[in-house]
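Participant: Pasting a structure below so you can have a look.
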Amino acid sequence: MNKHIYRRLAATNLKKNFKIYLPYLLTVIGSILFYYILTSLGINSFLYDINSKKETFYGARTLCTILKTGSTVSYLFALIFLFYANSFVLKHQKKQLGLYRVLGMERRHLIRIILLETVSLFSIGLLVALFFGIFLDKLVLVLLFQILHQTAPEGFYINTSAISSTLLLTGLVAGLIVIRGVFSILRTKDIDLLKSEKKGEREPKNRFLLAIAGVILLGIGYYYALTSHSVNQALTTFFPAALCVILGTYALFTAGSIAILKLLKKNKKYYYSTRHFISLSGMLYRMKQNAVGLSNICILSAAAIVVISAGVCLYSNGNRSIAQQFPRAVQYSIANQPSQATLEEILETTVTNHKLSYEDMVCIHYGNMLGELKGNTLLPDIPLTINLESFPDIYLLTLEEYNRFNHSSETLGENEILLYDSDDILKEDTLIFKDTTYRVKDTANKECLSYISNYSMSLFPKFLIVVPDTNTFDSFLKSSTGFAAFDGGITYLGFDMNDSVKDVKAFATAYSDALTAQNIANDITLKSDEEDFFYATYGGLFFVGIVLGALFLVCTVMIIYYKQISEGYEDRERFLIMQKVGLSKKEIKQSINSQVMLLFLLPLIAAILHAAVALNIVADALSLVMIVHMPTFIASVAIVCVLFSVVYGIVYKITSREYYGIVNE
Amino acid sequence: MSILEAVNVKKIYKNRIGSAQVEALSNINFSVEAGEFVAIMGESGSGKTTLLNILAALDTPTSGEIYLEDKNFSNIKEKERAAFRRNNLGFVFQDFNLLDTFTLEDNILLPLVLSGTPYKTMQEKLQPLAASLGIDSLLKKFPYEVSGGQKQRTAVARALITNPKLLLADEPTGALDSKASVKLLNQFEKINQDGQTIVMVTHSVQAACHASRVLFIKDGIVFHQIYKGNSTKDEMFQKINDALTSMLSGGEDNE
């Protein structure tokens, strides 16, 4: 046979089925583009030079890791969606190929056509995506630097390693899709090739067990999400909860919807009424064909909403969170128990030397230890396996220091303590430590924790114990193992400065050196450094969240489009018949509208419900890295939900028009 | 009393540019009496289906009028047309036009549901009708589960359940085997004997000889007609065949 014929057949196929192939092509372009951009940022010498191992700013290396992880995630999603989109295209393709088969082509010829089609589609997609990718590269980099609060570098660049990795992985996807197409053609009989578009006429079976399982799974998922009350719990239950909700959604959309519709149908009075008759049986079939697609839309939308709003919250909450984690611009952890007077004296000298000034100085002497709580007994040893929930991060304060800090005049008798217990893990009002029983007199004011608590220990529950005197303080600390350096306790010293970052840095180092000269060991934390790090890490997460959210959105749009189109072709015949039987065009349009609206709203409402329920557990999980300000988080979820609904609505309007066009053809 | 009357019906199809015109019906005049079973015959392209579509109010004539019990079709607004069709006309199509997503029962009940009949009344109408058509044991089945003849009888039941003034059938035996065709046509005769007026378009002589009158259409006009009168089916078959032969040879004679 003439060699060119395959090329021509593949080309006509692509051209003729524009409506089917265009969104597929756009999905191909979109997923390659997203992958390329994330990869190109992830391996970018403007951020982190692999050869010289030099970071452009503090945290840039972490940022690159986040971006690379993001690009892997986007790749996996793109793979799933391209396969999904391909299944629509394949269904359509099969009919055409069945015709060629009848006209006398062999299977190997069909395979060649599939191969050519896929290769040309992906080549076009790749070229377009890389073209835009290379142009957008710099723009996105500038945007990223903006998000990170950094000044963008100058100069144009072409990222060859990102391009080659994109080429490789696109080839891989195209290969997998060809293999899938070939398998599907080899497996189908000729007659089914011709008919493959006309399937699924049987009324769906009622699967009550699956529906009930769906309710139970969703219930479990929601229960986990709503009852989470600590970082720890959130992190351990988040994935099981998400899995339950995902499986529950699939089960409810597939079996639950049909169970409900069948139940309604059994009610003769309800079913045999003008308003419900056509819609009800129409819905039954639509749900049978679309349940999986709708659950995909629902889960994707929920994921997009959660990911984007978590990103927005992380980012917009950044300043507040940093201010809470680092209450002062310059902070020191000082060992060797110098007196506060000594510290201030040295500070004054340094200040005078630098001709600068400081303000709002806070100085607290405290002890820090870990221990295991068994019942109401606190064991100072660190066991081999740590159960986070019974393993508090303990901060000790003498009553004198506590009263000085809080300007209070609490009193404690012997063996009496004040206690703040962040996760309420101590169930009794006595605490036994080293054979001594301490009575918890009252709850301690936790305010000083915001200065002295170590944020990297946020997974652990926190204890603030106020002890009556220095002896008790020492006896607690001396018996704890593993933290010998802190034996005598630590002094926190923090103050604010109103000078430039550079001056503050120089001053902070000078003071640290002055302390070291007096044999006072110390450790500086600068808020400005932490800000850089925060924005690099969470700005990066925010960025990746937005890109992935956009990818989810693109995929959702694609699924909606294909759903509408394929339904349009199937519904056309039915509406012609109804017209002949005596339904006016208006009645038909009303009936379509109500069904289509319901199908449109169902996944959106379910997605928003999922996102709303997830608020609590996601906020808990986020508090691992930041202090979540709940109103900000709720507001960002709400705003994202609204924006998402608007975009969803617009897409829906556009695809609906396409649908009506097909039905009324 | 004439139940249906076509007066000077003309239908011209224009292509989009409007330059080429095809005259499907040039001047059709006939009337159908209540209780008649009329078959309309003609070759492919003679305008049979166009005429039926116009009689069914699915299409409008370019000029001329159709009266159903003295009510002029062309005066009915587009909005009311669907309801008019539902209440006055019943249809049987060549390709059944049953909805795959409904059971046979629901397919039959569809017109009643659309006009808001209470469920009890529906069942009262359905049972005797289904029994008389021999599909009462199949009501819970879906169209893909039954034979062509059973599908067509379902379509007949759907057409009759509203007690229409007129039953219109478009090649009802076109997709059926000969055995099923005969069964269906006998059913039509029986319905007709019970008083139902039927107008059937067909090109099957076998089908047409069940009718009480046969109209022949050629070149867009009613060319000829045969009354069955007291003749037997075989005589009728012969008469129709003769008429068709003379039509084909272009003969002018009117018997």
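The values are calculated or read from the model by the stated rules, or taken from the named source; none is laboratory data. Keep in mind that what you see is a predicted model, and the values were worked out from it rather than measured. Glycine also receives a Cβ, built like all others from the backbone with ideal geometry; neighbour counts cover every protein chain displayed. SASA here: full protein model, heavy atoms, side chains in, ligands and nucleic acids out. Shrake-Rupley method; radii C 1.70, N 1.55, O 1.52, S 1.80 Å.
Participant: To the nearest 10 degrees, how steep is helix A:18-42 against the longest Cα principal axis of chain A, on a 0 to 90 scale?
Facilitator: 20 degrees
Participant: Short version: which residues of the range A:273-314 lose at least 10 Å² of accessible area, all chains versus chain alone, 1.4 Å probe?
Facilitator: Residues losing area: A:Thr274, A:Phe277, A:Ile278, A:Ser281, A:Tyr285.
Participant: Order B:230-241, A:89-100 from most to least packed using the mean count of other Cβ atoms within 10 Å. All intermediate terms of the calculation are to be shown ahead of the outcome.
Facilitator: Numbers: B:230-241: 14.1, A:89-100: 19.4.
In decreasing order of mean packing, B:230-241, A:89-100 become A:89-100, B:230-241.
Participant: Oh, and also: Of the trypsin sites (Lys or Arg not before Pro) in the range A:532-593, which ones lie in a loop per DSSP and count no more than 12 other C-beta atoms within 10 Å?
Facilitator: Details: sites: A:Lys563, A:Arg572, A:Arg574, A:Lys580, A:Lys585, A:Lys586, A:Lys589; in loops: none.
Within the range A:532-593, no trypsin sites (Lys or Arg not before Pro) qualify (loop, at most 12 other Cβ atoms within 10 Å).
Participant: Moving on to the next point. If I take every Cα pair under 8 Å that is 6 or more residues apart in the range A:78-231, average their sequence separation and divide by the length, what percent do I get for the relative contact order? Each step should come with its number before you reach the end.
Facilitator: Working: 60 pairs, mean separation 65.2, N = 154.
Rounded, it is 42 percent for the range A:78-231.
Participant: List the aspartates and glutamates whose alpha-carbon lies under 16 Å from that of A:Lys502, not counting same-chain residues fewer than 8 positions away?
Facilitator: A:Asp529, A:Glu530, A:Glu531, A:Asp532
Participant: Taking the alpha carbon gyration tensor of the range A:336-444, what are the square roots of 5 times its eigenvalues, largest first, to the nearest whole Å? Please list the in-between numbers first.
Facilitator: Working: eigenvalues 241, 63, 29 Å².
For the range A:336-444, the semi-axes come out at 35, 18, 12 Å.
Participant: When the Karplus curve 6.51 cos²θ - 1.76 cosθ + 1.60 is applied with θ = phi - 60°, which whole-Hz ³J(HN,Hα) does each residue of the range A:152-167 get, with x for Gly and Pro?
Facilitator: Per residue, the Karplus-derived 3J(HN,Hα) values read 6, x, 9, x, 8, 8, 10, 8, 5, 5, 5, 4, 5, 5, 5, 4 Hz.
Participant: Positive end of the dipole of the protein assembly as shown, charges at C-beta (+1 Lys, Arg; -1 Asp, Glu), about the Cα centre: which of A:Ala514, A:Thr430, A:Gly30 has its Cα farthest in that direction?
Facilitator: About the Cα centre, the residue reaching furthest to the positive side is A:Gly30.
Participant: Another question, then. Provide the per-residue ³J(HN,Hα) series for the range A:419-425, in order, calculated from phi with Karplus coefficients 6.51, -1.76, 1.60 and θ = phi - 60°, each as a whole number of Hz, with x at glycine and proline positions.
Facilitator: Result, ordered by residue: 9, 10, 10, 4, 10, 6, 8 Hz.
Participant: Please list, by residue number, every one of the trypsin sites (Lys or Arg not before Pro) in the range A:267-360 that is coil in DSSP and has at most 10 other beta-carbon atoms within 10 Å. It would help to have the intermediate numbers written out before the result.
Facilitator: Values: sites: A:Lys268, A:Lys269, A:Arg275, A:Arg286, A:Lys288, A:Arg320, A:Arg328, A:Lys355; in loops: A:Arg328, A:Lys355.
For trypsin sites (Lys or Arg not before Pro) across the range A:267-360 that sit outside H, G, I, E and B with at most 10 neighbouring Cβ atoms in 10 Å, the list reads A:Lys355.
Participant: A follow-up question, please. With a ≥ b ≥ c taken as the square roots of the eigenvalues of the C-alpha gyration tensor of the protein assembly as shown, please select rounded if a/c is under 1.5 and otherwise prolate if a/b is larger than b/c or oblate if it is not?
Facilitator: prolate
Participant: Follow-up. Give me the percent of the accessible area of the protein assembly as shown that comes from carbon and sulfur atoms, probe 1.4 Å, all protein chains in place.
Facilitator: On the way: 24540 of 42450 Å².
The C+S portion of the solvent-accessible surface of the protein assembly as shown is 58 percent.
Participant: Looking at the range A:569-584, which residues lose a minimum of 10 Å² of accessible area between their chain alone and all protein chains in place, measuring with a 1.4 Å probe and not counting ligands or nucleic acids?
Facilitator: Listed in order, they are A:Arg574, A:Ile577, A:Met578, A:Gln579, A:Lys580, A:Val581, A:Gly582, A:Leu583, A:Ser584.
Participant: Once you have the alpha carbon radius of gyration of the range A:500-590, what is it after dividing by 2.2 N^0.38 Å, with N set to its residue count? Show your work: numbers first, answer last.
Facilitator: Working: Rg = 32.7 Å, N = 91, 2.2 N^0.38 = 12.2 Å.
That ratio works out to 2.68.
Participant: In addition: In Å², and per residue, what accessible area does the range A:529-665 have when probed at 1.4 Å with the other protein chains present?
Facilitator: That works out to 39 Å² per residue.
Participant: Then there's this: Per residue, how much accessible area does chain B show when a 1.4 Å probe rolls over the protein heavy atoms, in square angstrom?
Facilitator: Working: 11360 Å² over 255 residues.
Result: 45 Å² per residue.
Participant: Of B:Lys48/B:Lys228; A:Lys586/B:Lys14; A:Lys563/B:Lys141; A:Lys265/B:Lys190; B:Lys11/B:Lys183, which pairs sit farther than 24 Å apart, going by alpha carbon to alpha carbon? Kindly include the intermediate steps, with their values, before the conclusion.
Facilitator: Details: B:Lys48/B:Lys228 21 Å; A:Lys586/B:Lys14 27 Å; A:Lys563/B:Lys141 29 Å; A:Lys265/B:Lys190 35 Å; B:Lys11/B:Lys183 35 Å.
Going by Cα-Cα distance, A:Lys586/B:Lys14; A:Lys563/B:Lys141; A:Lys265/B:Lys190; B:Lys11/B:Lys183 fall outside the 24 Å limit.
Participant: A follow-up question, please. Give the total of Lys-Lys pairs in the range A:54-199 with Cα-Cα distances below 20 Å; include a pair only if its members are 8 or more places apart or on different chains.
Facilitator: Eligible lysine pairs with Cα atoms under 20 Å apart amount to 16.
Participant: Hey, what's the range A:94-181 come to in accessible area per residue, 1.4 Å probe, Å²? Don't skip to the end; give the middle numbers.
Facilitator: On the way: 4570 Å² over 88 residues.
On a per-residue basis, the range A:94-181 sits at 52 Å².
Participant: With a ≥ b ≥ c taken as the square roots of the eigenvalues of the C-alpha gyration tensor of the range A:426-570, please select rounded if a/c is under 1.5 and otherwise prolate if a/b is larger than b/c or oblate if it is not?
Facilitator: Working: a/c = 3.98, a/b = 1.68, b/c = 2.37.
Oblate is the answer for the range A:426-570, as a/c is 1.5 or above yet b/c matches or exceeds a/b.
Participant: Give the angle, between 0 and 90 degrees and rounded to the nearest 10, that separates the Cα long axis of helix B:148-160 from the longest principal axis of the Cα atoms of chain B.
Facilitator: The answer is roughly 90 degrees.
Participant: Still on this model: Apply the a/c threshold of 1.5 to the C-alpha gyration tensor of the range B:162-244 and tell me whether it is rounded, prolate or oblate.
Facilitator: On the way: a/c = 1.38, a/b = 1.26, b/c = 1.09.
Rounded.
Participant: Enumerate the calculated ³J(HN,Hα) couplings along the range A:266-271 in order (Karplus 6.51 cos²θ - 1.76 cosθ + 1.60, θ = phi - 60°), each rounded to whole Hz, writing x wherever the residue is Gly or Pro.
Facilitator: 5, 6, 4, 4, 6, 5
Participant: So who's got an amide H within less than 5 Å of the one on A:Asp423, skipping anything under 5 residues away but keeping other chains? H placed 1.01 Å off N, in plane.
Facilitator: Under 5 Å from the amide H of A:Asp423: A:Lys462.
Participant: Probe 1.4 Å, all protein chains in place: accessible area of B:Leu51 in Å², nearest 10?
Facilitator: 0 Å²
Participant: Cα to Cα, under 13 Å, and not fewer than 8 places away if on the same chain: which aspartates and glutamates meet these conditions relative to A:Lys262?
Facilitator: A:Glu203
Participant: Using modelled backbone amide H atoms (1.01 Å from N, in-plane), which distant-in-sequence or interchain residues come within less than 5 Å of A:Ile490's amide H?
Facilitator: For A:Ile490, whose amide H was placed from the backbone, the distant partners under 5 Å are A:Tyr366, A:Gly367, A:Asn368.
Participant: Report the relative contact order of the range B:1-148, percent, no decimals, based on alpha-carbon pairs under 8 angstrom and at least 6 residues apart. Write down the numbers at each step before the final one.
Facilitator: Working: 157 pairs, mean separation 30.2, N = 148.
Result for the range B:1-148 is 20 percent.
Participant: A further question on this structure: Considering only Cα-Cα distances, which of the following residue pairs are longer than 26 Å: A:Lys15/A:Lys589; A:Lys205/A:Lys268; A:Lys268/B:Lys151? Write down the numbers at each step before the final one.
Facilitator: Numbers: A:Lys15/A:Lys589 31 Å; A:Lys205/A:Lys268 19 Å; A:Lys268/B:Lys151 24 Å.
Result: A:Lys15/A:Lys589 exceed 26 Å.
Participant: Follow-up. Just the number, please: buried accessible area between B and A, total of both chains, 1.4 angstrom probe, nearest 100 square angstrom. Provide the component values of the computation, followed by the final result.
Facilitator: Details: alone 12550 and 32300 Å², together 42450 Å².
For chain B against chain A, roughly 2400 Å² becomes buried.
Participant: When only DSSP loop residues count, what GluC sites (Glu not before Pro) in the range B:13-104 have their Cβ near at most 14 other Cβ atoms within 10 Å? Before the final figure, lay out each step's value.
Facilitator: Numbers: sites: B:Glu23, B:Glu33, B:Glu36, B:Glu43, B:Glu65, B:Glu69, B:Glu78, B:Glu80; in loops: B:Glu36, B:Glu43, B:Glu69.
Of the GluC sites (Glu not before Pro), the ones in loops of the range B:13-104 whose Cβ has at most 14 other Cβ atoms within 10 Å are B:Glu69.
Participant: Taking the alpha-carbon distance from A:Lys505 and a cut-off under 17 Å, which lysines remain once sequence neighbours fewer than 8 residues away in the same chain are dropped?
Facilitator: Here the lysines satisfying the reach criterion relative to A:Lys505 are A:Lys355, A:Lys527.
Participant: Shifting gears a bit: Comparing the chain by itself with all protein chains present, which residues of the range B:93-119 are at least 50 Å² less accessible (probe 1.4 Å)?
Facilitator: Residues losing area: B:Asn97, B:Leu99, B:Thr101, B:Phe102, B:Asp106, B:Val113, B:Leu114, B:Tyr119.
Participant: Mind pulling the angle between the C-alpha long axis of helix B:178-193 and the longest principal axis of chain B? Nearest 10 degrees, somewhere in 0 to 90.
Facilitator: Between helix and principal axis, roughly 90 degrees.
Participant: Another question about this same structure. Please report the relative contact order for chain A, taking Cα pairs under 8 Å with a sequence separation of at least 6, and give it as a percent rounded to a whole number. Intermediate values should be presented prior to the final figure.
Facilitator: Numbers: 902 pairs, mean separation 135.9, N = 665.
Over chain A, the number comes to 20 percent.
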